[in-house]
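The values are calculated or read from the model by the stated rules, or taken from the named source; none is laboratory data. Nothing here was measured: the structure is a model prediction, and the numbers come from that model. Note that we place each Cβ from the backbone using ideal geometry, even for glycine, and neighbour counts take in every protein chain shown. For accessibility, only protein heavy atoms count, side chains too; no ligands or nucleic acids. Shrake-Rupley method; radii C 1.70, N 1.55, O 1.52, S 1.80 Å.
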Amino acid sequence: MKRLLFLPLLAAMIAVHAQDVKEGETLQEVTVKGSKVVQRVDGQTIYPTRQQLESSTNGYSLLSKLTLPHLRIDPVMHTITALSNLGSVQVRINDIVASKEDLLALDMKAVQYIDYIDNPGVRYGEGVAYVVNIIVKKPVSGYDIGADLTNTLTAVNGDETVYGKFNYGKSEFGANYSLGYQNFKGTEYEEQATYELESGEKRSILRRQSDGQNKSLNHNIQLTYSLSDSNYVFQSKLSASRDIQPHRSWSKFDNFEDHYASRTSSPVLDLYFHRDFRGHQSLTANAVGTYIKTDSYAEHNEGGNYAYDVTGKTYSLWTEAVYENRLKPFTLSLGTQYGQKYINNVYSGDANADNSMRSSMFYFFGQLKGRLGKLGYMGGLGVSSRYYRQGEWNDRFLLFRPKMTLAYPLARNLKAKYDFEISQHVSQIALVSDVSIKQNAMETLVGNPEITPNRVTSHDLRLTYSTPRIMSELQGYWRLNANCNMEKYTRKDGHFYQTQTNDDNECSFFFIQSYNRWEAIPEHLSVTLYGGIYRFFNFTDDYRHTYTAFNGGASVEAYLGRWTLTAYADNGWNFMEGEHRGHQAPAWYLTASYQLKNITFSLYAQHPFCARPLTNKTEVLSRYIHKEVSQHSRDFGNMMTLNVTWHLSSGRKYRDIQRTMNHRDTETGILQSK
């Protein structure tokens, strides 16, 4: 946080430039001229300021300026990370999952508002904790072309994207190509491990990396076509990604080496249709077919040579149909999802196995969302059937997901919201395979096909205070995972096996967190500060672990005409799950952007004043194994990255909403070593 002490000087500079700052009319809870935040029962709607839109080069840049609670948006590496273990993040454009290429090609002139849903209903399926839905207007004429070029000046790392969209009548044609590359050599890894053998003897091993490399080169192309009118939209997207060269990593330790190489190609076909009926009813259908081909090689030489190859093929089909009726007292949503997946991973070499798995999923949901006087509510039920077959083993699970949310204004500027949910957590496909992978001379990772889904119960209470220039939220959250999938270490003949079980296990945690945003000088300077105390409990027959952590961060955004200055810092995400106590790496960066007509130059300084920042830290607290693992990266220290965006459009007129799709399957089911 000390890196943000330039704030007083920055405020003085902005005060000289800030003129004619006015407040606009109130829109429900919070409104500042050009910047509106509307609290909703499932989250909030954010209307970006003109300065935020004009200074943003792409979707990642825009979202990073909004400083969304619980999320870290990295505009350099083009990543969005949930700073919690509540579930995954979905980023959507007009309610349809968006790809990285969609965000890089986002037309800022078409952006209307952002729905940040931090309490998703049953509509979004299982395992989704946060939804960022960017609502944009539909272009009906003209063209839009551009490029987004990101290159690190202090390391070999880049992401280059060129795109174009052309409208003719009711049709739109789009093309997008991206090239990504990296070659990081500055990783420093150290692991101090102590193993307790059956005889009671303790063996200590120091694994310290002295050299290494991690490099990749890949490209992605996508072609889109859409046909739309005032009451319907049909869109198709064909995309294909492939590693131009295998993704390779190499690590040299004091007395052994590790090697890994992987090459993946994946075409995806996405078809989408939306139709409005009678002004208040709509029907949406989506179908996605995915094929993934993977060839990988791994070699671990500690205690003798251990190497294996994996040839994998994955076929999947995912479909969805949603009916919505926007009635006066409430909105009714009904929908279904269906998916089929076939995985065939053949392991050869020292990990000899033929892992073929078939799985299917059927999910149905119903949801009501509306108001009763001042009380806002959302209630729904999701029911899913999951089927797995692997060799002679097969199983079917019937899962239920009831969810209820209530929101009520306690005073003019104070609002209370409570959410209750019961859901089921399903393990990753790789964890339920019957494959065993040797990690090192002492450890082996073992899949467990007998893992069953576990029940998750959560309670979420929030108090939100908002004025035209201040928003403050206090959140209390509690989650209980009964019979959850927890890691377990066993030992036999001097070797240790790590697997997953869910017999009589209990994993729970709670946190109290405050999120605060202050418009110090509206449209010119905003400050965000958040932080909370987290408490974790992990109980099984073999161990009882607890942990208390503080997680927090801060950001400052300043707009000075053509210049935009931002600063961001957080201490990462500290947590405990099973027998692992993890410390996600802290992050801090400074950004300066300058806009010159249709070209914007942005310079990002990540981890300034630090030569080798921590990228990961983990502790293993098993009764048989104790490990302390830390990883640093010289390439991420004092990292300077230049981003250049060029954008040209002509004849653009907008109407209605354009929806883009990207429900892409990426899970190959391959069990990998660390």
### Summary
Inside region 159-179, the number of residues satisfying the requirement of being open to solvent by 10 Å² or more (accessible area, probe 1.4 Å) and under 16 Å from T641 (Cα atoms) is 2
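Of these, Y315, Y323, Y291, which one is assigned to a strand (DSSP E or B), touching a residue at least 40 places away in the same chain (Cβ under 8 Å) and open to solvent by 10 Å² or more (accessible area, probe 1.4 Å)?
Only one candidate qualifies: Y323.
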### Query
In region 518-529, which residue that is touching a Ser or Thr at 6+ places or on another chain (Cβ under 8 Å) and part of a loop (DSSP other than H, G, I, E, B) is least open to solvent (accessible area, probe 1.4 Å)?
P522
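Condition (residue is within 23 Å of I73 (Cβ to Cβ) and aliphatic (A, V, I, L, M)) applied to region 114-125: is it met by at least one residue?
Of the residues in region 114-125, the ones within 23 Å of I73 (Cβ to Cβ) are 114-120, 124-125.
Keeping just the survivors that are aliphatic (A, V, I, L, M) gives 114, 117.
Looking through region 114-125, at least one residue is within 23 Å of I73 (Cβ to Cβ) and aliphatic (A, V, I, L, M).
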### Message
Can you find, within region 74-87, the residue that is nearest to Y589 (Cα to Cα) among those that are modelled with pLDDT under 85 and outside any loop (DSSP other than H, G, I, E, B)?
### Response
D74
### Query
How about region 126-166: which of its residues are in contact with a helix residue (DSSP H, G or I) (Cβ under 8 Å, 6 or more places away or on another chain) and among the hydrophobic types (A, V, I, L, M, F, W, C)?
V131, V132, I134, V136
### Task
Scan region 294-312 and give yes if some residue there is out of contact with any strand residue (DSSP E or B) (no Cβ under 8 Å at 6 or more places or on another chain) and either without any contact (Cβ under 8 Å) to a residue 12 or more places away in the chain or open to solvent by 70 Å² or more (accessible area, probe 1.4 Å) (or both), otherwise no.
yes
### Query
Does L474 meet the test of being surrounded by fewer than 20 Cβ atoms within 10 Å (Cβ to Cβ), of a type outside the set (V, I, T) and either at pLDDT 85 or above or not in a strand (DSSP E or B) (or both)?
yes
### Query
Hey, any hits in region 445-452 for a residue that's small (G, A, S) and either in contact with a Leu (Cβ under 7 Å, 6 or more places away or on another chain) or assigned to a loop (DSSP other than H, G, I, E, B) (or both)?
yes
### Task
Tell me, please, whether a residue that is under 30 Å from Y418 (Cβ atoms) and open to solvent by 10 Å² or more (accessible area, probe 1.4 Å) can be found in region 97-106.
yes
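One line per residue, one yes/no per condition, for (1) buried (at least 18 other Cβ atoms within 10 Å of the Cβ); (2) farther than 25 Å from K165 by Cα:
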position: K185; (1), (2): no, yes
position: Y189; (1), (2): yes, yes
position: G212; (1), (2): yes, yes
position: N220; (1), (2): yes, no
position: S226; (1), (2): yes, no
position: D229; (1), (2): no, no
position: R242; (1), (2): no, no
### Query
Quick check: anything in region 530-550 within 28 Å of L62 (Cβ to Cβ), at pLDDT below 95 and open to solvent by 10 Å² or more (accessible area, probe 1.4 Å)?
yes
### Query
Which residues, counting only those in region 130-140, are at pLDDT below 85 and either within 27 Å of G339 (Cβ to Cβ) or open to solvent by 30 Å² or more (accessible area, probe 1.4 Å) (or both)?
V140
### Message
So for region 362-375 (the condition being surrounded by 16 or more Cβ atoms within 10 Å (Cβ to Cβ) and at pLDDT below 90), does at least one residue qualify?
### Response
no
### Task
Could you please give the count of residues in region 483-492 that are under 15 Å from N502 (Cβ atoms) and either open to solvent by 20 Å² or more (accessible area, probe 1.4 Å) or not in a strand (DSSP E or B) (or both)?
4
### Task
Sort through A549, A554 and tell me the only one that's in contact (Cβ under 8 Å) with a residue 40 or more places away in the chain and in a strand (DSSP E or B).
A554
### Task
Taking H626 as the residue in question, decide whether it is within 25 Å of L83 (Cβ to Cβ) and buried (at least 17 other Cβ atoms within 10 Å of the Cβ).
no
### Query
Are any of the residues in region 504-511 open to solvent by 20 Å² or more (accessible area, probe 1.4 Å) and modelled with pLDDT under 90?
yes
### Message
Condition check: of a type outside the set (A, V, I, L, M), outside any strand (DSSP E or B), more than 30 Å from H626 (Cα to Cα) and open to solvent by less than 20 Å² (accessible area, probe 1.4 Å). Does N119 satisfy that?
### Response
yes
#### Entry: Among (1) open to solvent by less than 40 Å² (accessible area, probe 1.4 Å); (2) assigned to a strand (DSSP E or B); (3) more than 18 Å from T81 (Cβ to Cβ) - the single one C610 does not satisfy
(2)
### Message
Among the residues in region 640-648, are any in contact (Cβ under 8 Å) with a residue 12 or more places away in the chain, surrounded by fewer than 20 Cβ atoms within 10 Å (Cβ to Cβ), within 24 Å of the chain's Cα centre (by Cα) and under 22 Å from A193 (Cα atoms)?
### Response
no
### Query
Does T154 qualify as being among the β-branched types (V, I, T), under 29 Å from S630 (Cα atoms) and touching a residue at least 24 places away in the same chain (Cβ under 8 Å)?
yes
### Message
Given the condition open to solvent by 60 Å² or more (accessible area, probe 1.4 Å), without any contact (Cβ under 8 Å) to a residue 40 or more places away in the chain and part of a loop (DSSP other than H, G, I, E, B), answer yes or no: does some residue in region 269-280 qualify?
### Response
yes
#### Entry: Residue within region 459-469 that is open to solvent by 20 Å² or more (accessible area, probe 1.4 Å), in contact with a Phe, Trp or Tyr (Cβ under 8 Å, 6 or more places away or on another chain), not charged (D, E, K, R) and not in a loop (DSSP other than H, G, I, E, B) present
yes
#### Entry: Selection count where residues are open to solvent by 60 Å² or more (accessible area, probe 1.4 Å) and either in contact with a Gly (Cβ under 9 Å, 6 or more places away or on another chain) or not hydrophobic (A, V, I, L, M, F, W, C) (or both), scope region 244-256
7
### Message
Only one of R208, R263 is open to solvent by 40 Å² or more (accessible area, probe 1.4 Å) and closer than 30 Å to A105 by Cα. Can you tell me which?
### Response
R263
### Query
A441: open to solvent by less than 60 Å² (accessible area, probe 1.4 Å), free of Cβ contacts under 8 Å to residues at least 24 places away in the same chain and either out of contact with any Leu (no Cβ under 8 Å at 6 or more places or on another chain) or more than 16 Å from V122 (Cβ to Cβ) (or both), yes or no?
no
### Query
For region 167-202, what are the residues that are within 25 Å of I625 (Cα to Cα) and without any contact (Cβ under 8 Å) to a residue 12 or more places away in the chain?
S199, G200, E201, K202
